[in-house]
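Written below as structure tokens is the structure these notes are about.
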Amino acid sequence: MIWNKKYTVDELQQFCQNTMVANLGIEFLEIGDDFLKAQMPVDSRTIQPIGILHGGASVALAETIGSVAAHMTIDPDKNLSVGLEINANHIKSIKQGYVIGTGRPIHLGRKTQVWHIEIIDKDNSLISISRLTIAVIENHS
């Protein structure tokens, strides 16, 4: 298991209350030994004017999954995890329903982490794929 502390899905939902995560309707689904899974609705909050999922919403889901997962691997009393760089390839469009993202680590270092996030639809078709680099910084609070 890669987690410093294995939170519950409900704790993660509470952690993200009153943030963009909640405003986009992102919900955490599952915490595995080495992955975090969340879903996001494809609705008026997340589509672009032509009626398909906005690429920025997909990136927001990917960064949410990777950032929250990174937070779970560190001691938050000593360190913070913050996004450093993200890239995404949008493979397929979707007009309605939900997308589900799963994040897994590629690298878990002392100062940086790299996460791989795949976003699929209900039929397991690949919608988007992202790689997120996280900086692990000292917590001065």
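Observations
- Listed by first and then second residue, the pairs linking a residue in segment 87-103 that is closer than 17 Å to Ile134 by Cα to a residue that is polar (S, T, N, Q) and in a strand (DSSP E or B), with Cβ atoms under 6 Å apart and 6 or more places separating them unless they lie on different chains, are Ala88/Ser128; Ala88/Ser130.
- Of all the numbered requirements in (1) in a loop (DSSP other than H, G, I, E, B); (2) in contact (Cβ under 8 Å) with a residue 40 or more places away in the chain; (3) among the polar types (S, T, N, Q), Gln39 misses one, and that requirement is (1).
- Strands (runs of 3 or more DSSP E) contained entirely in segment 57-121, each with at least 1 residues that are within 23 Å of Gly32 (Cβ to Cβ), hydroxyl-bearing (Ser, Thr, Tyr) and in contact with a helix residue (DSSP H, G or I) (Cβ under 8 Å, 6 or more places away or on another chain): 79-90, 97-108
- Test: residue in segment 27-39 that is touching a Lys or Arg at 6+ places or on another chain (Cβ under 6 Å), aromatic (Phe, Trp, Tyr) and within 23 Å of Ser125 (Cα to Cα): yes
- When Ile127 is tested against (1) over 22 Å from Ile47 (Cα atoms); (2) modelled with pLDDT of 95 or more, only condition (1) is not met.
- Qualifying residue in segment 43-55 (condition: under 25 Å from Ile91 (Cβ atoms) and among the basic types (Lys, Arg)): yes
- Residues that are surrounded by 13 or more Cβ atoms within 10 Å (Cβ to Cβ) and modelled with pLDDT of 95 or more within segment 68-80 comprise Val68, Ala69, Ala70, His71, Met72, Thr73, Ile74, Asn79, Leu80, listed in sequence order.
- Answer from Gly51, Gly25 - the residue that is modelled with pLDDT of 95 or more, over 23 Å from Lys111 (Cα atoms), part of a loop (DSSP other than H, G, I, E, B) and in contact with a strand residue (DSSP E or B) (Cβ under 8 Å, 6 or more places away or on another chain): Gly25
The values are calculated or read from the model by the stated rules, or taken from the named source; none is laboratory data. Remember, it's a predicted structure, so these values are computed and weren't measured experimentally. Glycine gets a Cβ as well: all are built from the backbone with ideal geometry, and neighbour counts include every protein chain shown.
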